[in-house]
Amino acid sequence: MKEKKMKLAIICTEDKPVPALGVGAVEAIVEDLVALNNKKQLVEIDIYAISNEQREAGEQQNTNHYFHQGKSSRFEKLRNQLILRLGVKELYQCQFLNTAIKEINKQQYDWILVQNRPQFILSLRESLQDKRTKIALHLHNEHFFNKSFKKSLNAFIYCSYDCILTVSDYIKDQVLKSSPGLATSKVRTLRNTIDVEKFKEATPPDIPLLEKLHDKQVVAFHGRLIPEKGVLELIHAYKIARQTVPNLALVIIGELKDTAYCDQLKKAAQGEIGETIFFTGFIPYSEIELYLGVGDVIVSPSLWNEPCSLAQLESLSMGKPLITTRAGGTSEFVIHEETGFLIDISQNFEEKLAKQIVRCFRDMITTNKVGKNARDFMMKECSRDTYLEKLLATIEG
């Protein structure tokens with residue numbers, strides 16, 4: 001007799017579409033899960049997400065997987081933020097979620113997996129007709145702690161889930177601290193994974209940037225150009241390091257948007273843009289590894305508690321040494337002087353970062369060994385091939 005497959009519903013956020021088209025880490029992970037399941041056929045998966053008009057026409061062959069909902073309005077989001085801070089859970093309403101629930105109630109699921117929206121449980125638990133269905137939360141960051149919810153509501157929300165998956169032990173600890181009475185056994189770590197075969201060191205392609213870098217020692221950054229990522233501090237640290245390593249160059253891989261912060265970055269790099277400091281601008285996700293490959297050392301100087309950064313995992317997979325900060329979940333996969341280099345976020349941060357950059361280029365034997373260790377670690381621990389199996393096993397406990 002053929003064993004019945006688990007039927008799983010994944011509820012995405014009301015913010016970004018799936019299929020993702022590179023618009024968000026959470027959405028990209030969901031898309032990867034669907035791709036893995038299409039290949040392995042381990043479970044039946046339905047996705048509830050806002051539509052991506054650029055991809056919808058090409059997704060017709062997967063209409064059995066996707067239920068596209070309308071996007072929530074800005075007014076609704078602001079209203080709900082206020083309601084959650086006041087703790088008046090009875091007034092919480094999300095049109096995206098309500099529409100998804102109507103479709104979910106036409107189906108029968110073993111598990112519903114909510115992506116990074118703890119508050120969805122307020123409507124979901126009450127409106128779900130099949131009370132046998134278990135509900136899990138997949139939590140990707142700590143944005144929902146502190147003042148996002150009233151303290152009493154915070155504990156109610158997390159205790160209402162049958163299971164909570166967190167992307168790092170750091171996020172797991174934050175959940176348990178914020179929710180007195182929550183059973184430790186209900187909160188389980190499921191670390192992010194990436195396509196380690198996509199992100200690997202290779203001969204850089206023939207891109208115009210290479211002509212200006214052929215005689216340089218290159219520091220690369222990869223990620224969003226926002227204050228939390230420490231890009232401005234990196235530019236300052238690079239300038240300090242270049243006093244000791246004169247042929248140093250800095251490549252910043254990321255979209256240079258029309259923001260006050262990006263203006264600050266350009267001002268800090270003034271006079272060196274296109275000579276020793278290079279902004280690549282937006283690079284399609286399909287080409288990111290080609291640009292990362294030009295770096296001899298990759299730096300991710302995050303100033304916030306990274307939960308389990310995909311950009312950092314991608315950098316580690318390149319087989320290049322990664323310099324990053326000792327914060328959040330990062331130290332769970334970056335071990336100082338073994339799989340990367342960790343800097344404390346403290347006084348004289350830029351000077352400490354510059355000193356580590358110089359150390360890397362002065363001792364390339366150690367530096368390259370650390371890069372190889374990082375690649376080996378990623379192959380063993382963070383390969384996407386087994387991510388679906390790990391997710392299913394972690395949900396079931």
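The values are calculated or read from the model by the stated rules, or taken from the named source; none is laboratory data. Owing to the predicted nature of the structure, the values given are computational and were not obtained by experimental measurement. FYI the Cβ positions are ideal-geometry reconstructions off the backbone, even for glycines, and counts take in every protein chain you see. Side chains included, ligands, DNA and RNA excluded: accessible areas come from the protein's heavy atoms. Shrake-Rupley method; radii C 1.70, N 1.55, O 1.52, S 1.80 Å.
Shape class of region 275-372 from the Cα gyration tensor (axes a ≥ b ≥ c, square roots of the eigenvalues): rounded, since a/c falls below 1.5. Just to confirm the filter: which chymotrypsin sites (Phe, Trp or Tyr not before Pro) across region 100-205 are DSSP coil and have at most 10 other Cβ within 10 angstrom of their Cβ? Those that pass, being in a loop and sparsely packed, number zero. Rounded, prolate or oblate for region 105-237? Axes are the square roots of the Cα gyration tensor eigenvalues, ordered a ≥ b ≥ c, and the cut-off for rounded is a/c under 1.5. Here region 105-237 falls in the prolate category.
The GluC sites (Glu not before Pro) of region 259-316 that DSSP puts in a loop, and whose beta carbon has at most 13 other beta carbons within 10 Å, are Glu275.
Can you tell which of Ala260, Leu391, Ser148 lies farthest toward the positive end of the dipole of the chain, using +1 and -1 charges on the Cβ of basic and acidic side chains (Lys, Arg; Asp, Glu)? Value computed over the given set: Ser148. Note on Thr394 and Phe282: the model spin-label points, each 7 Å out from Cα along the C-beta direction, lie 3.1 nm apart.
Leaving out ligands, DNA and RNA, what percent of the accessible area of the chain is carbon and sulfur, probe 1.4 Å?
Numbers: 9250 of 18600 Å².
Looking at the chain in its full context, I get 50 percent from C and S.
With +1 on the Cβ of every Lys and Arg and -1 on the Cβ of every Asp and Glu, and nothing else charged, how large is the dipole of region 241-355 about its Cα centre, in debye rounded to the nearest 20?
Numbers: 8 positive and 16 negative charges, 51 e Å.
It comes to approximately 240 debye.
On a full-extension model of 0.36 nm per residue, what is the gain between Asp344 and His214, subtracting their alpha-carbon distance, rounded to one decimal in nm? Walk me through the intermediate numbers first.
Numbers: separation 130, 0.36 × 130 = 46.80 nm, distance 3.21 nm.
The span from Asp344 to His214 would gain 43.6 nm if fully extended.
For each pair in Lys216/Lys369; Lys229/Lys257; Lys40/Lys186; Lys216/Lys355, compute the distance between the two Cα atoms and list the pairs where it is over 25 Å. Numbers along the way, then the final one.
Numbers: Lys216/Lys369 21 Å; Lys229/Lys257 15 Å; Lys40/Lys186 27 Å; Lys216/Lys355 18 Å.
The pairs that break the limit, which is 25 Å between Cα atoms, are Lys40/Lys186.
Would you please classify the overall shape of the chain from the alpha carbon gyration tensor, given that a ≥ b ≥ c denote the square roots of the eigenvalues, rounded means a/c under 1.5, and beyond that prolate means a/b larger than b/c while oblate covers the rest? Prolate shape, in that a/c is at least 1.5 and a/b is the bigger ratio.
Computed over the chain, relative contact order equals 14 percent, with contacts defined as Cα pairs under 8 Å that lie 6+ residues apart.
Placing dummy labels 7 Å off each Cα toward the beta-carbon, the span from Lys134 to Glu337 is 4.4 nm. Anything over 25 Å Cα to Cα? Flag those among Lys151/Lys172; Lys4/Lys131; Lys16/Lys380, in the order listed. Where the Cα-Cα span goes over 25 Å, the pairs concerned are Lys16/Lys380.
Looking at region 114-173, which trypsin sites (Lys or Arg not before Pro) are in a loop (DSSP not H, G, I, E or B) and have at most 12 other Cβ atoms within 10 Å? Working shown, then result.
On the way: sites: Arg125, Lys131, Arg132, Lys134, Lys147, Lys150, Lys151, Lys172; in loops: Lys131, Arg132, Lys147, Lys150.
Those that pass, being in a loop and sparsely packed, are Lys131, Arg132, Lys147.
Accessible area per residue for the chain, computed on protein heavy atoms with a 1.4 Å probe, is 47 Å². Under the simplified labelling scheme, the Leu78-Lys150 pair shows an inter-label distance of 2.2 nm, with each label point 7 Å from Cα along Cα→Cβ. Report the paramagnetic label zone for Lys372: residues of region 276-315 whose backbone N is under 19 Å from a point 7 Å from Cα along the Cα-to-Cβ axis. Residues 296-298 qualify, since their backbone N sits under 19 Å from the label point.
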